[in-house]
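First the structure, in the form of structure tokens, and then the observations on it.
The values are calculated or read from the model by the stated rules, or taken from the named source; none is laboratory data. No experiment lies behind these values; they were computed from the predicted model shown. Positions of Cβ are generated from backbone atoms using ideal geometry, with glycine treated the same way; all protein chains shown enter the neighbour counts. Heavy atoms of the whole protein, side chains included, go into the accessibility calculation; ligands, DNA and RNA do not. Shrake-Rupley method; radii C 1.70, N 1.55, O 1.52, S 1.80 Å.
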Amino acid sequence: GGLDYAAAKTALYATLDELDLDYVDLMLVHFPADWNMKGGKEMRVQGWKAMEDFYKLGKARSIGVSHFCKRHIQDLLDAGLTKPHVNQVEFH
């Protein structure tokens, strides 16, 4: 959520390398901003575009989000990008 397209793409492929895999069953964006709470809509869209491309190349069978609220998901949908396959939520 807090990475631009290039940084997200680099992180996605680094994950595959670290796991020594050709693909993963599910890849999640963990949070809609970076750890300093920076990012915003443009960064979310760029990062999600990298996820979408990763998915379309067969590197992830499913892609999703975690800790995103309704407006964060709407940012992705408004940009015309692939709808998240998974929305992981925490419930207490």
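Counting only protein heavy atoms and a 1.4 Å probe, the chain has 64 square angstrom of accessible area per residue. Of the residues 31, 54, 91, ranked by 1.4 Å probe accessible area with the largest first, the sequence reads 91, 31, 54.
Shown for the chain: lysine pairs separated by 8 or more places, or found on different chains, whose C-alpha atoms are under 14 Å apart, numbering 9. Taking a span of 15 Å or more along the helix axis (Cα atoms) and a mean Kyte-Doolittle hydropathy of at least 0.0 as the rule, the DSSP H helices of the chain that qualify are 5-19.
Computed from the Cβ-Cβ distance with R0 of 25 Å, the FRET efficiency linking residue 4 to residue 69 stands at 0.70. Got a number for carbon plus sulfur as a percent of the chain's accessible area, 1.4 Å probe? That fraction is 54 percent. Under the criterion of Cα pairs below 8 Å and six or more residues apart, the relative contact order for the chain equals 33 percent.
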